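Reading through the structure tokens given below for one structure.
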Amino acid sequence: MHTIEKSQQTNIVLIGMAGAGKSTVGRELAKQSGLPFVDVDTVIEKNQNIPLQTLLNDFGVQGFRNLEEQILLDLDLQNHIIATGGSAIYSQAAMAHLKKSGVLVLLDISLALSQQRVGDFSARGLAKPSNQSFEQLFAERQPLYAKYADVTIDCNDRSVSDICASVKDQIPDSFYHL
């Protein structure tokens, strides 16, 4: 793989907690911009030919995170909308790789909204230790999302089209042609 210079940042990379709307917003941004959309969770499932929850059950949390990191490091995309899995932020190497080719946009939602949208997370493919509560996971991830985000969009009580408009407003025209 080649190194992409900052001037070649052409991807919009969506990060955030489960239920933040990364896939939904990503698909809509792709539709509005005409750029291809990549959902990393789907890439992982297709790569392994197994649903995320089964991968988590079979590989364990750390094994899954290692697989996710490798898939992210293997991405060599330009001019794409990318929705990462919620646990992507555990890999410093993957985040650095994604930042080389794009701007990382945090779709920020409250704990209550994330819980509401995720519902029963036991079948969601949520990479967390079995003894960790959803609240603890949320609290653990929030500082990591903030650390890596280039742009943060408050997505509480907002429509997908409104969130997409905010994303486009926050990304400098010098990076993207949406």
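The table below gives the values:
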| read-out | value |
| --- | --- |
| Hey, A139 among the aliphatic types (A, V, I, L, M), in a helix (DSSP H, G or I), surrounded by fewer than 16 Cβ atoms within 10 Å (Cβ to Cβ) and out of contact with any Leu (no Cβ under 7 Å at 6 or more places or on another chain) or not | yes |
| When residues of the range 162-178 are limited to those that are surrounded by fewer than 17 Cβ atoms within 10 Å (Cβ to Cβ) and closer than 16 Å to A20 by Cβ, the one modelled with the highest pLDDT | D162 |
| Residue ID - surrounded by the most Cβ atoms within 10 Å (Cβ to Cβ), chosen from residues in the range 142-151 that are closer than 17 Å to G21 by Cβ and in contact with a helix residue (DSSP H, G or I) (Cβ under 7 Å, 6 or more places away or on another chain) | Y145 |
| Some residue of the range 107-127 being more than 22 Å from Q53 (Cβ to Cβ), under 14 Å from the mean Cα position of the chain (by Cα) and polar (S, T, N, Q) | no |
| Tally of residues being more than 15 Å from A88 (Cα to Cα) and crowded, with 16+ Cβ neighbours inside 10 Å across the range 56-65 | 1 |
| Lone unmet requirement of (1) modelled with pLDDT under 90; (2) out of contact with any strand residue (DSSP E or B) (no Cβ under 7 Å at 6 or more places or on another chain) for T10 | (2) |
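For every residue, the table says whether it meets (1) under 17 Å from S161 (Cβ atoms); (2) surrounded by fewer than 19 Cβ atoms within 10 Å (Cβ to Cβ).
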{"position": "G19", "(1), (2)": "no, no"}
{"position": "L29", "(1), (2)": "yes, no"}
{"position": "V40", "(1), (2)": "no, no"}
{"position": "Q48", "(1), (2)": "no, yes"}
{"position": "L67", "(1), (2)": "no, yes"}
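The values are calculated or read from the model by the stated rules, or taken from the named source; none is laboratory data. This is a predicted model, so every value here is computed, not measured. Please note: Cβ atoms are built from the backbone with ideal geometry, for glycine as well, and neighbour counts cover all protein chains shown.
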